[in-house]
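The values are calculated or read from the model by the stated rules, or taken from the named source; none is laboratory data. Given the structure is predicted, the values throughout are model-derived calculations rather than measurements. Counting neighbours? That spans all protein chains shown, and the Cβs are built from the backbone with ideal geometry, glycine included. In case anyone asks, the SASA skips ligands and DNA or RNA and just uses the protein heavy atoms, side chains included. Shrake-Rupley method; radii C 1.70, N 1.55, O 1.52, S 1.80 Å.
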Amino acid sequence: MFRNRVKHIGWFVYESFARTVGYRQPHRLAVKPSPNIRLPVALSLAIPFFGTKKTSLNKVNEPDLEVDDDKLVLQQKLIEADQLFLANKYEDVIRLLVDYKDKNDVQVLWRLSKAEYNMSLDENISKEKKKSLISSAHESIIKALSIDSNISEVHKWAAVLIDAYSNINLGIKEQLLKLETVKFHLQMALELNPKDPFIRYMIGYWCYNLADISWFRRKLGSIIFGTDIPESTYEEALEYFREAESIQPKFYCKNLLMLGKTFLKMDNKFSAEYYLKLVTQYPVKTVEDHQAKIEAEKILKSSFG
């Protein structure tokens, strides 16, 4: 039982986070890329021409034009990739960006990591394929971190993939040791982008599940695995959930669900019931919306009659 509980700590944040930022079931309506997104490459060739006098454009400016053109083409591909994420077309993202994988571009690397991780969530793929996708995604995001560690999305996906990679390659003791590393990257992501409510939700979820480990299980784990399990409190979890909600009210059904569950753990039934009922009234558009609604209804029935 303890082993299952510890394993749950490792992936709890990221399973929900991945669905939030990218993973959706195939039946969800795809968002089609706007026809106006594509940038006219020819315009990039015209910009450097302004102000030139009696020079041969082809000979003098050609190297600069090629650089500018390459940058514009890549920028266009990044925009297209973000549109493909909205449509859940992760394989298309990889095909679009894979030729840039070895260019040491951080914006490319974290998007490739995100795409491969989301592909690994497909329940129909083999364990070998899942492991391969996660390992490749982990390699890309570690490389991105080494190039530029001042980007919020890089730290987000570092947290996701360090956890996912440890779950398939490391033992429970090593996974426990990685928990603090995971939180470090979440906190760095938050510091770099404090207006992102999902990061606060993720940290809150991390805190909640650690707070939910009983004293007995915590001591047992320390004895068995020879390492302390990080600690947190429901109060700390609640703070992150409430901050996330204040940034963007009702941005995510599971943040409402976790507010309800956390208040219930703190014996504040009035507030717990309020947020759980909000979940049952939340528009069901995705699989996680449906799951959250079912869980909220179950808790309301068992705890409030």
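The figures follow:
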| item | result |
| --- | --- |
| The stretch 244-255, subset in contact (Cβ under 8 Å) with a residue 40 or more places away in the chain and out of contact with any Pro (no Cβ under 8 Å at 6 or more places or on another chain), residue least open to solvent (accessible area, probe 1.4 Å) | CYS253 |
| Test: residue in the stretch 224-239 that is more than 21 Å from GLU174 (Cα to Cα) and open to solvent by less than 40 Å² (accessible area, probe 1.4 Å) | yes |
| Positions within the stretch 114-138 being within 15 Å of the chain's Cα centre (by Cα) and outside any helix (DSSP H, G or I), in sequence order | LEU121 |
| Every pair of residues 6+ apart whose Cβ atoms lie under 7 Å, when the first sits in the stretch 293-304 and is within 17 Å of TYR282 (Cβ to Cβ) while the second is among the aromatic types (Phe, Trp, Tyr) | LYS293/TYR282 |
| Conditions (1) acidic (Asp, Glu); (2) in contact with a Lys or Arg (Cβ under 7 Å, 6 or more places away or on another chain); (3) farther than 23 Å from ILE229 by Cα: number failed by GLU153 | (2) |
| Residue that is out of contact with any strand residue (DSSP E or B) (no Cβ under 8 Å at 6 or more places or on another chain) and crowded, with 19+ Cβ neighbours inside 10 Å, where the choices are ILE168, ILE151 | ILE151 |
| Pair list, Cβ < 8 Å and 6+ apart or interchain, from the stretch 212-227 residues that are assigned to a helix (DSSP H, G or I) to residues that are surrounded by 10 or more Cβ atoms within 10 Å (Cβ to Cβ) and of a type in the set (D, E, K, R) | ARG217/ARG5; ARG218/GLU231; SER222/ASP228; PHE225/LYS173 |
| Matching residues, the stretch 257-270, being in contact (Cβ under 8 Å) with a residue 40 or more places away in the chain and open to solvent by less than 60 Å² (accessible area, probe 1.4 Å) | MET258, LYS261, THR262 |
| Matching residues, the stretch 271-286, being part of a helix (DSSP H, G or I) and open to solvent by 40 Å² or more (accessible area, probe 1.4 Å) | GLU273, TYR274, TYR275, LYS277 |
| All positions within the stretch 287-305 that are in a helix (DSSP H, G or I) and over 29 Å from ASP122 (Cα atoms) | LEU300, LYS301, SER302, SER303, PHE304 |
| Residue match in the stretch 190-203 (condition: over 28 Å from TYR240 (Cβ atoms), in contact with a Phe, Trp or Tyr (Cβ under 8 Å, 6 or more places away or on another chain) and open to solvent by less than 40 Å² (accessible area, probe 1.4 Å)) | no |
| Meets criteria (touching a residue at least 40 places away in the same chain (Cβ under 8 Å), of a type in the set (Asp, Glu) and out of contact with any Pro (no Cβ under 8 Å at 6 or more places or on another chain)) for GLU288 | yes |
| Tally of residues being in a loop (DSSP other than H, G, I, E, B) and not basic (Lys, Arg) across the stretch 232-270 | 9 |
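Yes or no, residue by residue, for (1) at pLDDT 95 or above; (2) surrounded by 16 or more Cβ atoms within 10 Å (Cβ to Cβ); (3) of a type in the set (Lys, Arg):
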{"position": "GLN83", "(1), (2), (3)": "no, yes, no"}
{"position": "LYS89", "(1), (2), (3)": "no, yes, yes"}
{"position": "VAL93", "(1), (2), (3)": "yes, yes, no"}
{"position": "ARG111", "(1), (2), (3)": "yes, yes, yes"}
{"position": "ASN118", "(1), (2), (3)": "no, yes, no"}
{"position": "GLU123", "(1), (2), (3)": "no, no, no"}
{"position": "LYS127", "(1), (2), (3)": "no, no, yes"}
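Table: residues versus (1) part of a helix (DSSP H, G or I); (2) in contact with a Leu (Cβ under 6 Å, 6 or more places away or on another chain); (3) aromatic (Phe, Trp, Tyr).
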{"position": "SER140", "(1), (2), (3)": "yes, yes, no"}
{"position": "SER146", "(1), (2), (3)": "yes, no, no"}
{"position": "ALA159", "(1), (2), (3)": "yes, yes, no"}
{"position": "TYR165", "(1), (2), (3)": "yes, no, yes"}
{"position": "LYS178", "(1), (2), (3)": "yes, no, no"}
{"position": "VAL182", "(1), (2), (3)": "yes, no, no"}
{"position": "GLN187", "(1), (2), (3)": "yes, no, no"}
{"position": "TYR201", "(1), (2), (3)": "yes, no, yes"}
{"position": "ASN209", "(1), (2), (3)": "yes, no, no"}
